[in-house]
Amino acid sequence: MDLDYESLGIVKPADNQLPNYIAVEGAIGVGKTTFARNLATTFEYETLLEMPQENPFLERFYAEPKANALPTQLYFLFQRTQQLKEIKQRDMFHPVRVADFLLEKDPIFAEVTLDDDELELYQMVYEQLTLEAPKPDLVIYLQAPTEVLQQRIRKRGLSSEKHIEPSYLARLNDAYASYFHHYQESPLLIVNATEVNLASNQQHYADLVRYILTLKTGTHYYNPLADT
């Protein structure tokens with residue numbers, strides 16, 4: 001898929017028309033990392049991406065959630081805070097980037113996966129570690145039903161995800177929806193990603209990019225009808 005403005009049929013916007021920092025979010029399987037990478041290519045931005053493949057506890061968590069939830073969650077917390085620390089130390093003249101996570105949403109997973117004692121410990125660590133995260137100019141929340149997430153997870157066939165329980169995925173998806181229903185920290189775009197193919201359908205992707213370029217403040221909803 002060609003991702004430059006000309007191939008997408010979009011007039012290249014002036015730099016001051018683009019959000020400097022975009023965070024893409026969504027539950028497992030919704031396609032947030034691929035979409036974040038594509039946006040970064042189109043906008044010629046750096047990427048800041050989660051690295052789940054580096055978490056040595058993740059596959060064990062999916063196989064045995066109760067036994068491995070706390071180390072999995074703490075590893076991700078340490079990883080994300082380290083990434084944000086590195087951002088603050090990098091060249092301030094090149095701040096533009098696209099991320100596929102918000103640090104502020106990290107407790108979503110903790111509340112879904114941890115028991116009360118573990119959650120209390122996690123919250124103590126979180127409060128000590130959390131840096132003042134950069135505020136996105138735009139947050140894009142990709143949303144899809146749990147059944148769609150399951151289909152996409154099966155299709156990509158990652159060994160680390162083969163043991164994900166449908167009940168866990170459903171709880172996580174509901175927690176995301178609740179979180180972003182109340183989110184007001186940055187301009188927010190909620191995208192119904194059920195029927196659109198943002199990974200390989202150039203028209204679907206181009207239409208969403210055009211819409212993104214019109215956004216300024218507030219909460220917005222993008223609910224396209226995909227071509228049949």
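Looking only at residues in region 40-64 that are of a type in the set (A, V, I, L, M, F, W, C) and part of a helix (DSSP H, G or I), the one that is surrounded by the fewest Cβ atoms within 10 Å (Cβ to Cβ) is 63. Restricting the search to region 176-228, which residues are among the hydrophobic types (A, V, I, L, M, F, W, C) and without any contact (Cβ under 8 Å) to a residue 60 or more places away in the chain? Passing the criteria: 177, 188, 189, 190, 191, 196, 208, 225, 226. Per the listing 164, 140, the residue uniquely at pLDDT below 95 and of a type in the set (A, V, I, L, M, F, W, C) is 164. Counting only helices (runs of 4 or more DSSP H) that sit wholly inside region 65-182, those with at least 3 residues that are under 15 Å from the mean Cα position of the chain (by Cα) and closer than 16 Å to residue 27 by Cβ are 106-113, 166-181.
Matching residues to (1) in contact with a Phe, Trp or Tyr (Cβ under 6 Å, 6 or more places away or on another chain); (2) touching a residue at least 60 places away in the same chain (Cβ under 8 Å); (3) of a type in the set (Asp, Glu):
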| residue | (1), (2), (3) |
| --- | --- |
| 14 | no, no, no |
| 27 | yes, yes, no |
| 32 | no, yes, no |
| 54 | no, no, yes |
| 61 | no, no, no |
| 64 | no, no, yes |
| 71 | yes, no, no |
| 76 | no, no, no |
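Among the residues of region 26-50, those identified as aliphatic (A, V, I, L, M) and over 22 Å from residue 123 (Cα atoms) are 28, 30, 36, 39, 40, 48, 49.
Of everything in region 38-50, what is touching a residue at least 40 places away in the same chain (Cβ under 8 Å) and under 18 Å from residue 204 (Cα atoms)? Give them in sequence order.
Of everything in region 38-50, those that are touching a residue at least 40 places away in the same chain (Cβ under 8 Å) and under 18 Å from residue 204 (Cα atoms) turn out to be 38, 39, 40, 42, 43.
Filtering region 80-102 to residues that are at pLDDT 80 or above and surrounded by 15 or more Cβ atoms within 10 Å (Cβ to Cβ) leaves 80, 81, 83, 97, 98, 99, 100, 101, 102.
Each residue in region 1-27 was checked for being part of a loop (DSSP other than H, G, I, E, B), in contact with a Leu (Cβ under 6 Å, 6 or more places away or on another chain) and of a type in the set (A, V, I, L, M), and 1 pass.
Those residues that are over 23 Å from residue 150 (Cα atoms), in a helix (DSSP H, G or I) and among the aromatic types (Phe, Trp, Tyr), I need them from region 183-228; list them, please. Matches in region 183-228: 211 only. Among the residues here, residue 18 does not qualify as surrounded by 12 or more Cβ atoms within 10 Å (Cβ to Cβ) and within 22 Å of residue 153 (Cα to Cα).
Quick grid of which residues meet (1) under 23 Å from residue 57 (Cβ atoms); (2) among the acidic types (Asp, Glu); (3) in contact with a strand residue (DSSP E or B) (Cβ under 7 Å, 6 or more places away or on another chain):
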{"site": "127", "(1), (2), (3)": "yes, yes, no"}
{"site": "136", "(1), (2), (3)": "no, no, yes"}
{"site": "147", "(1), (2), (3)": "no, yes, no"}
{"site": "150", "(1), (2), (3)": "yes, no, no"}
{"site": "155", "(1), (2), (3)": "no, no, no"}
{"site": "162", "(1), (2), (3)": "yes, no, no"}
{"site": "165", "(1), (2), (3)": "yes, yes, no"}
{"site": "169", "(1), (2), (3)": "yes, no, no"}
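Take residue 30 and decide whether it is in a strand (DSSP E or B) and either at pLDDT 95 or above or basic (Lys, Arg) (or both). Against the criterion (in a strand (DSSP E or B) and either at pLDDT 95 or above or basic (Lys, Arg) (or both)), residue 30 does not qualify.
The values are calculated or read from the model by the stated rules, or taken from the named source; none is laboratory data. As the structure is a computational prediction, the values presented were derived from the model and not from experiment. So basically every Cβ, Gly included, is an ideal-geometry build from the backbone, and we count neighbours across all protein chains shown.
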